[in-house]
1. Of 81, 123, which residue is within 16 Å of the ligand (Cβ to nearest atom) and either open to solvent by 10 Å² or more (accessible area, probe 1.4 Å) or of a type in the set (Asp, Glu) (or both)?
2. Could you say which residue among 4, 51, 64 is under 24 Å from the mean Cα position of the chain (by Cα) and charged (D, E, K, R)?
3. One residue is enough: does the stretch 202-225 have a residue meeting the conditions in contact with a Gly (Cβ under 7 Å, 6 or more places away or on another chain), among the polar types (S, T, N, Q) and under 18 Å from residue 154 (Cα atoms)?
4. Across the stretch 371-382, what is the number of residues that are part of a helix (DSSP H, G or I) and under 24 Å from the mean Cα position of the chain (by Cα)?
5. Any chance the stretch 134-143 includes a residue that's open to solvent by less than 60 Å² (accessible area, probe 1.4 Å), away from the ligand (no atom under 15 Å from the Cβ) and within 22 Å of residue 227 (Cα to Cα)?
6. Going by the conditions given, is residue 65 within 16 Å of the ligand (Cβ to nearest atom), touching a residue at least 60 places away in the same chain (Cβ under 8 Å) and open to solvent by less than 50 Å² (accessible area, probe 1.4 Å)?
7. Condition check: open to solvent by less than 60 Å² (accessible area, probe 1.4 Å) and either away from the ligand (no atom under 16 Å from the Cβ) or over 16 Å from the mean Cα position of the chain (by Cα) (or both). Does residue 43 satisfy that?
8. Quick one: which residue in 167, 196 is within 14 Å of the ligand (Cβ to nearest atom) and in contact with a helix residue (DSSP H, G or I) (Cβ under 9 Å, 6 or more places away or on another chain)?
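The values are calculated or read from the model by the stated rules, or taken from the named source; none is laboratory data. Keep in mind that this is a model prediction, so the values were computed, not measured. Ideal geometry is used to build each Cβ from the backbone, glycine not excepted, and the neighbour counts take in all protein chains shown. We work out accessible area using only protein heavy atoms, side chains counted, and drop any ligands, DNA or RNA first. Shrake-Rupley method; radii C 1.70, N 1.55, O 1.52, S 1.80 Å.
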Amino acid sequence: MKQELIDHMGLGTKSVHAGQEPDPSTGAVMTPVYQTSTYAQAAPGDHKGHEYGRVTNPTRTALEGNLAALESAQHGICFSSGVAATDAIVKCLRPGDHIVASNDLYGGTYRLIRQVFGPFGISSDFVDMTDLDVVRNAIKPETKLLWIETPTNPLVRVVDISALSKLAHEYDVVAVVDNTFASPILQRPLEQGADLVVHSTTKYLGGHSDVIGGAICTNDDEWNEKLRFLIKSAGAVPGPMDCFLTLRGTKTLQVRMERHCSNAQAIAEFLSAHEKVGKVYYPGLPDFEGYELASRQMDGFGGMVSFLLKDDSMEAATQVLSSTQVFTLAESLGGVESLMNHPATMTHASIPANERHAAGLHDSLIRLSVGIEDVRDLIADLDRTLAEL
Ligand SMILES: *Cc1c(COP(=O)(O)O)cnc(C)c1O
C-alpha cells in the first residue's frame, strides 16, 4: 500500500501497514531482519540509502516509520532503550540549563536527570503537574524542558498535555511527553501541542515482555536532526532483531489496548466494591480525580490500575503479592501477561519512606499491569487472594 494513503487511515490500519512495504528485493511481505553492519556501494558514495548499521538499518527504518505514523509525527527515531531515548533528549541541553519534571514519574527518568546529568550542571525540579500554577512557578529563565508523564506512575494521575504544552511555549520551553503508559492508541501528545514524544517500546508497543527499546517522535525538523546526529555520534541504537520484534508487537497494538482497557476497567470496578480494598486508582472510575480530563484527553483509560488495602501495612501487601497465581510479581508493564508490582519495595524503593508516604505512595499500594487474559480468571485470582487476607 502507498504510504501517502496510510496517512488518512485509522490507527489499526497504521499499526499493521505504516512504514512497511513488501521487501523490494524478494517481495517478502514482512520486513526482514537485516542482520548486517554495512552495505555495498557501487562507487564511493553511490549506495541505496544505507551506509553503516549504526546510522541506519532497514528494519529500524520500517519501525521508525510505523511509530511516527501512530504518533501523528513526521519523524520517528529509535533507541536501544527507553532511558537511552530520554538520555538523547537531555543531552541536547547545556550546562546551566534547567528541567521541570513531574514528581510522579518513572524512577529511571528521575535517576538519569538527577544523578547522571546533575553533575554536568543541568539542574531540575520535580513538581506536581496536575497543578498548572505549581508548574508555572517552577519555570525559571534557564528552564529549557518540561518533562511530562501521563498517566503518572504509580498513582495513574492524569496531567493536562495541552494546557502544559501551551504553558511551556509561553516561556519558550520544549514540552516532552513520556507516552509509555497510554500508547499512541489512547493518546497522541503531538496532536495536543507537545513538541516531543518519548516511548519505552519495551512496554505496550513491544507488548510481549521480550525486548527492550525506546523511541522519540516529533514534527520538529531541528529536533529530528539533533537526535539523528546523536544516534550517529553516541550510538544507542537498537539491533535489527529487536526492531523486528517491536514491529511485530505494534501490529496488534490496537486490539491489545482494547483488551487491556476493558480488563482493567472490570478489575478496577471489582476492587472498588471489595471490602478489603481501600482506594482504587484508575482514570476510568467516574469518581476518580482524573476521570474528566482523561475522558477528554484519552481514547481509553489504559491497562494500569493501582489500589490500597484497607489494612494499609507492608505485611498485608506482602501477603497479597506472594499469593496470586495468574498475576506475576515483577517489575515492568504493558505485556500480554498480567503483572503485579509493589512500589514501596520495588520500583519506588529508592525514595525515603517519609517522602514516599507524603507523595501518597503507601506501604500497601499495589500496582497492576493488567494483561489480556480472560478477565474472569484475573478477577478470580484477586478475589481468592483477598479472601485469604
Ligand atoms: C520503562 C519505562 C521507561 C524506561 O524504558 P526502558 O525501556 O526500560 O529503558 C521510561 N518511561 C516509562 C514511563 C517507563 O515505564
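1. Of 81, 123, the one residue that is within 16 Å of the ligand (Cβ to nearest atom) and either open to solvent by 10 Å² or more (accessible area, probe 1.4 Å) or of a type in the set (Asp, Glu) (or both) is 81.
2. 64
3. yes
4. Residues meeting the conditions: 2.
5. yes
6. So residue 65 fails the test.
7. Yes: the conditions hold for residue 43.
8. 196
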